[in-house]
Amino acid sequence: PFMTLKTLQKIRVEHVLENPPRFGRLVLGIETSCDDTGAAVVDEAGCVLGEALHCQKEVHLQAGGIIPVVAQQLHRENIEQVVQEALCASGVSVAELAAVATTVKPGLALSLGVGLQYSLSLVNRHQKPFIPIHHMEAHALTIRLTHHLEFPFLVLLISGGHCLLAVAQGVSDFLLLGQSIDIAPGDMLDKVARRLSLRKHPECLSMAGGKAIEHLAQTGNQELLTFRLPMQQYRNCDFSFSGLQNLVNNAIVQKEKEEGIQEGEILSCVKDVAAAVQHAVTVHIIQRTYRAMLFCIKNGILPSKTATLVVSGGVASNQYIRKGLQNLADANDFALLCPPPRLCTDNGVMIAWNGIERLRAGLGVLHSTAGIRYEPRAPLGIDISKRVEEDSIKVPKLKTIRWLAS
C-alpha cells in the first residue's frame, strides 16, 4: 500500500497544492535501511513537497520477523515507484534537485545496498551532488523540521533496531552518552508479543508486536508481575534488554504452567503481563535518561535554563513510554519534544531534511561518488560513554523512577 502526499497530514504548511510554493534548494531523500522504502522532496524551509512510503510490515508480520533477503527483494521491486511517486507528488523533476540524500549507514546490509545502488545510478545519470546520510543523525534532526530548535539538545532514540542517548551539538556533531549493549527495546517488545502469541488475540490480529503490547497493557495490571531492572549496578547511560526479555520469558513459562496451557495458547493474564513488561521497559529507559540529563547539566553540556530532550524512533510513539518521559522531563525542568508519530518511524522525509541541513552547512556534499560504501554498523558521533561512567552519577531511588513511569 502506497502512502502518497495526498493521504498524509501536513507538517508545517498545506502541501496539497497542485504546484506547492518552493523555498530555496530542493533535496530528494531516499530511505531503505530496514523494511520501509521511503522517498521525499523537501525544500530549505522544511516544506515537504511530496513523499511516498512503501511499508513491508504485513509481509514481515506473517514471517514472524524481518528476513533480510525478503526485505531486499521488496525494496528492489518498489524503489523506482516510490521515488517516482514522491517526485510526481512534488511536481519536481530530477533536473531541479540540488542534491540526492540517501541512508548509507547503519542498517541491514542488503537493504542499504538497494537504496545506495539506485541513488548512485540516479546522481550519475543526472550529474547531481550526493549526500550520504547516517540514519540515526536523520532521526535526531527530524525535530528541527517540525520545531524551531537550536543546538545543543539531548536525544533519546528508541526503536526496533536502535537505542541510544546522545547530545546533538551540530548538524554532524554528536556526543554519544550511551547505547544498548544488546538488543533494542522495540525488538524486545516484538519478541515478547510473539512469545505471547498476540497475533491470535482477538484485539490484536493485525497489530505489530509493540503496538499489541501497548494496546493490551492499557487494561492490564502492571503490579501483578515485577521484573528486576537491568544494569542497576552500572552508573552509566547504557541500556540492556535481552536479560529483561529472558526474565519475561521465564515468567511466561511459569504462568503457562500455572494455567495448564501450552506455548501458543493465550494466557488469561496476558494483559497484566503486557502491562508489567511495558512498565519495566519504561522504568529502565527513564532511569538511564535521568542520568544523561544530570550528566549534561553538571558538565555544562546543555544550558540548564533551556535544556531540551528530544525523543524519536518508532518506540517513541508508545504513549505510556512517552508519558513517563514527559514526567521525567518535567521533574528536571527539561522541555520534551517528539516529532509527530509518522515521522518517528523510518521515512524519506527525515533523510531529505538531513540532506537540507547538510547542504546548508556544507557538510558531506559529494560531487564524486567514487568509493562510496554502505556501512551496516556505524556509531553516531564521538563516544564519551566512559566519561559518563567515570562521573558515577547517582539517580534517585527506584521508587521515584517507578513513580515517574506510572
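The values are calculated or read from the model by the stated rules, or taken from the named source; none is laboratory data. None of the values given here were measured: they were computed from a predicted structure. Counting neighbours? That spans all protein chains shown, and the Cβs are built from the backbone with ideal geometry, glycine included. With ligands, DNA and RNA removed, areas are computed over all heavy atoms of the protein, side chains included. Shrake-Rupley method; radii C 1.70, N 1.55, O 1.52, S 1.80 Å.
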- prompt: Put +1 on the Cβ of every Lys and Arg and -1 on every Asp and Glu Cβ in the chain; which of N318, A40, Q117 then has its Cα farthest towards the positive end of the dipole?
  reply: N318
message: If the elastic network links every pair of Cα atoms under 10 Å, which of L165, L177, L87 fluctuates the most in the Gaussian network model of the chain?
response: L87
query: Relative to the first principal axis of the alpha-carbon coordinates of the chain, what is the inclination of helix 348-361, with its axis defined by its Cα atoms, in degrees from 0 to 90 and to the nearest 10?
result: 60 degrees
Cβ-Cβ FRET estimate between A109 and A63, R0 fixed at 25 Å, reported to 0.05: 0.85
message: Which residue fluctuates most in the GNM of the chain (Cα springs below 10 Å): R195, R358, R387?
response: R387
message: Could you tell me which residue out of S304, H279, A329 lies farthest along the dipole of the stretch 274-368 toward its positive end? Charges go on the beta carbon: Lys and Arg +1, Asp and Glu -1, centred on the Cα centre.
response: S304
- line: If every Lys and Arg gets +1 and every Asp and Glu gets -1 at its Cβ, then about the Cα centre the chain yields a dipole, in debye to the nearest 20, of 720 debye
query: Between V70 and R228, what length in nm is gained on full extension when 0.36 nm per residue of separation is reduced by their alpha carbon distance?
result: 53.2 nm
- line: Carbon and sulfur atoms account, in whole percent of the 1.4 Å probe accessible area of the stretch 194-314, for 49 percent
- prompt: For the stretch 78-202, what does the equivalent ellipsoid look like in terms of its semi-axes, each the square root of 5 times an eigenvalue of the Cα gyration tensor, given largest first in whole Å?
  reply: 30, 23, 14
field: Tilt relative to the chain, helix 185-195 - C-alpha long axis, 0 to 90 degrees, to 10
entry: 60 degrees
The chain: most fluctuating residue of D182, D238, D346 per GNM, C-alpha cutoff 10 Å: D182
- request: Starting from the exponent 0.38 and prefactor 2.2 Å, build the expected Rg for the stretch 284-327 from its residue count and divide its actual Cα Rg by it.
  value: 1.23
³J(HN,Hα), Karplus 6.51/-1.76/1.60, whole Hz, each residue of the stretch 97-104, x for Gly, Pro: 6, 7, 6, 10, 10, 9, 5, 10
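Quote the Stokes-Einstein diffusion coefficient, in whole µm² s⁻¹, for the stretch 38-99, based on the Kirkwood radius over alpha carbon pairs, a temperature of 37 °C and a viscosity of 0.692 mPa s.
Once the numbers are plugged in, D ends up at 253 µm²/s.
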- prompt: Non-local amide H neighbours of A101 (under 5 Å, H modeled in plane, Pro and chain starts lacking H): which ones?
  reply: L28, G29, I30, I131
statement: In whole angstrom, largest first, the equivalent ellipsoid semi-axes that the Cα gyration tensor gives for the chain are 36, 26, 18
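Using DSSP, restrict attention to beta bridges with both residues in the chain and report what percent are antiparallel, rounded to the nearest 5.
Details: 29 of 49 bridges.
About 60 percent, rounded to the nearest 5.
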query: In terms of modelled amide H atoms, which long-range or inter-chain residues lie less than 5 Å from the amide H of E44?
result: F23, R25
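Looking at this model, which pairs from K191/K323; K323/K399; K191/K255; K191/K305; K57/K271 are more than 29 angstrom apart at the alpha-carbon? All intermediate terms of the calculation are to be shown ahead of the outcome.
Working: K191/K323 23 Å; K323/K399 17 Å; K191/K255 17 Å; K191/K305 40 Å; K57/K271 24 Å.
The answer is K191/K305.
Identify the trypsin sites (Lys or Arg not before Pro) of the stretch 271-329 meeting these criteria: DSSP loop state and at most 10 other C-beta atoms within 10 Å of the C-beta. Don't skip to the answer; put the middle values down first.
Details: sites: K271, R288, R291, K298, K305, R322, K323; in loops: K305.
Those that pass, being in a loop and sparsely packed, are K305.
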- line: Taking Cα atoms, the helix 242-259 axis meets the longest principal axis of the chain at an angle in degrees (rounded to 10) of 50 degrees
Chymotrypsin sites (Phe, Trp or Tyr not before Pro) lying in DSSP loop within the stretch 303-387, provided at most 13 other Cβ fall within 10 Å: none
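Give, as a single signed number, the net charge of other residues whose beta carbon lies under 10 Å from the beta carbon of R144, with Lys and Arg counted +1 and Asp and Glu -1. Don't skip to the end; give the middle numbers.
Working: positive: none; negative: E150, E357.
Computed value for this residue: -2.
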